[in-house]
Structure formats: C-alpha cells, structure tokens
Amino acid sequence: MEAAPSNLPEYSVSELSQAVKRTVEDNFEIVRVRGEISGFKRHSSGHLYFALKDADAAIDGVCWRGQAARLGIRPEDGMEVVAVGRLTTYPGRSKYQIVVERMELAGQGALLKLIEDRKKRLAAEGLFDAARKRSLPFLPNTIGVVTSPTGAVIRDILHRLADRFPRHVLVWPVAVQGEAAAAQIAAAIRGFNALEIGGKIPRPDVLIVARGGGSLEDLMAFNEEIVVRAAAESEIPLVSAVGHETDTTLIDFASDRRAPTPTAAAEMVVPVRQELVARVARNTASLEAGAARAMAEGRLRLENAARALGDPRRLLEERSQRLDERGERLKRAVAAFLERHQRHTLELGARLPDPKTQLERARGLLLSSKAGLEAGGKALALSAARHRERLGETLARGRAAFDRDLAARNAQVAGLAKLLDSVSYQRVLERGFVLVADAAGKPILSAAVAKPGAAVTLAFADGKIGATLDGAAAKPPAKTAPKPDPKADPKAGQGSLL
C-alpha cells in the first residue's frame, strides 16, 4: 500500500539530532545545577565523567581536562556540589549532558561532611596513629617554614625565633589558599625532605607549616588528602600551625605536633636562650662544687691508704727476693721436664715395629687388590656387552611399534579430514544453494531480519556477488482447482444436456 501524503517535514537522524542540539544549547547556554556526584571517573586523558543526581532525576556531566585542572575542589562520589556550565547533547548516544566549567561545594554542611568522611578514611589507614609521631629536636640548627612569603605569619615566626633563640630559617613560599595551594604545600614538604644531609642547602631539622586564621573554605587546602599524606610521610618532624586555636584541619592530625598559632609553633621548636644560659650557669656551678668535693674526698682516702700500706721500698725488696727464688726453681724444673720427656720418647720408639716389615705387608695387600680389580673389570666388560646387545634389540622393537602407531594415526586423521569436508557448507553450495549475508558478513537466517534496500552478499560455490533487497515479497504459487473424483460424484462423469 502507498503511504498517505503528509505535510510534516522529513528529517534525517543527523539533521534531527543537530536541531535538538541547537535548541538545547541556545536555551540553556549557562546553568547552575545542584546535585550529588555519582559514578565519578577520571579518564586517562584527564577528562572527568560523572552524573549529578537528586532524589528524582539524574543528568550526565563532563568536565574537560583544561577546566578540570582549574576546579577549586576535587570531585568525589557522594559529594553534593553546585556545578556551573552549559547544557548540550551528545548525538552519538541520543542523550543530553552538562559541560561543567566551575564547581563548588553546596554549603558548609556538605564541606564538613566531606572533611569528616576523609578524616575517617585516612585514620583507618593509620596516618593519624600516635605511634607514627616523633619528638621534636631540642635545639634545631635549621628550621624549614612552609607558608606565604608576604603574610604576617612569617614575620611573627621570625620575630619570635629572634627573641627566643636565633636559628637559620629556610622559607619555602607557597599559596595558602586557592586551587593550587594544596599541591604547592605538599610539594614544599616533600621538597624539604628531599634535601640531602650535608648538602649545599642544609636540610631542616624541623618543619613548620603555618597559615593565619580564615574561614573553613580558606583553610580547605590543609584538609586536602595530598597535603595530609605529605605530612604523614615526612621524615623531618613537622609542626602544624594553621589558623587560630579554635581552627582544626586534617594536617593537625597527621603532624607530629600541633601549635594553636604560628607564634606558638616558633616557641615549640626552640627554647629560650636566656633560660638555657642561666641553666648552664647553674649546672656549671653545681659541677664545679661537686668536683671540688670529690677531689677533697679522694685526697683524704689516698692519705689514709698511704698510712696503711707502709714503706713501699721494703715491699719491693721482699718481692724482688721472692722473684729470684722462683727463677732458680723454674730453671731446675725445665731441665727435669726435658729429661723426663726424652726418656718417654725413647721408650715409644722401641715399641714401634720395623718399617721394612710394614712396607712388605702393604705391598702384598696392594698386589692382591690389583688382581681383584682386574677380575672385576673383565666381568664388568662382559656384562656391558650383554646389556648393549639387549638395548639394540629393544630399540629395534620400539622403532617398529612407533612406525605402526604413526601409520594408524595418519589414517585416522585422513578419515577425519574427509568427514569434516563432507559436512562443510561449501559442499552445500556446490549442490546449488546460495548463502545470503549482510554487509558485515553475518548470514541472514530469516526473512524477518532482511530489510528492504539493504546491501547483501550472495555466496555461490564459485564466488560471491553483491545484491540489494527490493523488499517485494515472493508470490505464493497459484492454487489449482482440484479435479473432481468420478468415484465420489456419480454425475461428474456425465455431460449436461443444457
């Protein structure tokens, strides 16, 4: 049947997709969407793919690599955000999506929940364990400070250090808020740890990571996972001094010590020089008094011991006489010892048998052993010849059995090859059949899947040709009227008179 005429315009799929794309982009050029991130994925190309959803709906989102590097936050699954971008469509899958250009957290409550969830996850990894924390050096030679070089924080730290105990200070300038702050702070901590001990630039003995007070969003860089991990991995003892006394960030839990303010951090890392001088003076006076008492007591003990010992020259004369007597006795003892051992050696020599007799006995044993070895060698040669003959016979029988088995297996493989060739679809084509396949080479097995106008391939036994389906159904063969049965109708065989 012919289709009824219509005034509706006819579009191709591409034309309709482009029209929808223009309509969506013209009407929703810039939108702000609030929702929860779901199915977040960071592609190897740097692009971000995710979905924004609420209780009733969801919309796909994408953030290209250039914009992803400038986002103020790190997107994660479950994070509630406000995304700013443009709405567009993706014709390849017939769906619409938002191309995100900016993203921010949806309120302070969501930010606190994000920080709390991150804290629990990092604590479960053991980054906040007390066993990881190290004590600060008593008097560091070099102090490393990670902070902004232009703020009041570095001036407060330097001023406090100069008042208490001047030390060599290395400042690693970083941004303390904003998109790039977290990466710069983590790089500074790892950079101080990478310095060689005794190198051209001295390696700090203690680190201070400091920032002045601010809002929760301003301090967010010190809650980032990259900063917390860098603080936990630091081999140099680290003091965190972020914000005021009431402010708490995740770096405070990973650091070795937390200072309520940057000024307090400077007081933690160095003692007061005047107090040390006074303590040293007190200790010096105490040591001098103790040494004087010890010398007086020693002198008294020495005098008492000298009176008890007597005259040393008399003691030495007695010991010299005793030494002379022991020397004379030692000479006589050595002569007696040598004489006694000489007699014992002569007695042992008399007991030893004649060496010639021992040699004759050993020669006889050697000759008998030689005869036994010659007889054993002849027997071994005879046995080896018999085994060699048996081995040749065994190899001959094995080779004949292998040839018979190989011939049988070759015959079996030839039979299977003939059977495989007999069931091949190529034999069916040689009998006059044709194989119909679509453009992809997949066989068309029923008329239901054959579409009018589709390009097909007809495979014959001697080659393939291309064809196009016209869509006309084949007419069934005309039905012929059945011939009357003369036996069923007695009048069928008699003509009519009219």
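The values are calculated or read from the model by the stated rules, or taken from the named source; none is laboratory data. Since we're looking at a predicted model, the values are computed, not measured. Here the Cβ is made from the backbone with ideal geometry for all residues, glycine too, and neighbour counts use every protein chain on show.
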Go through (1) closer than 30 Å to ASP156 by Cβ; (2) at pLDDT 90 or above; (3) over 33 Å from the mean Cα position of the chain (by Cα) for LEU287 and report which single condition fails.
(1)
Quick count over the stretch 52-105, residues being among the small types (Gly, Ala, Ser) and touching a residue at least 60 places away in the same chain (Cβ under 8 Å), is 2
Failed condition for LYS200, given (1) over 18 Å from PRO262 (Cα atoms); (2) in contact (Cβ under 8 Å) with a residue 12 or more places away in the chain; (3) among the basic types (Lys, Arg)
(2)
Any residue at all in the stretch 231-250 that's assigned to a loop (DSSP other than H, G, I, E, B) and crowded, with 23+ Cβ neighbours inside 10 Å?
yes
Examine the stretch 143-164 for a residue that is among the polar types (S, T, N, Q), under 15 Å from SER255 (Cβ atoms) and assigned by TED's automatic domain parsing to the domain that holds ILE236, and state whether such a residue exists.
yes
Options ARG102, ARG134, ARG118, ARG65; residue that is touching a Pro at 6+ places or on another chain (Cβ under 7 Å), modelled with pLDDT of 85 or more and not small (Gly, Ala, Ser):
ARG134
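Okay, residues lined up against (1) in a strand (DSSP E or B); (2) within 27 Å of the chain's Cα centre (by Cα); (3) hydrophobic (A, V, I, L, M, F, W, C):
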{"residue": "TYR49", "(1), (2), (3)": "yes, yes, no"}
{"residue": "ASP60", "(1), (2), (3)": "yes, no, no"}
{"residue": "GLN67", "(1), (2), (3)": "no, no, no"}
{"residue": "ILE73", "(1), (2), (3)": "no, yes, yes"}
{"residue": "ILE115", "(1), (2), (3)": "no, yes, yes"}
Picking from GLU217, GLU196, which residue would you name as being among the charged types (D, E, K, R), closer than 19 Å to ASN141 by Cα and either in the same structural domain as ALA264 (by TED's automatic domain parsing) or not in a helix (DSSP H, G or I) (or both)?
GLU196
Top-ranked residue in the stretch 1-33 [being of a type in the set (S, T, N, Q) and assigned to a loop (DSSP other than H, G, I, E, B); ranked as modelled with the highest pLDDT]
SER12
Matching option when the condition is in contact (Cβ under 8 Å) with a residue 60 or more places away in the chain and part of a helix (DSSP H, G or I), among LEU139, LEU127, LEU122:
LEU122
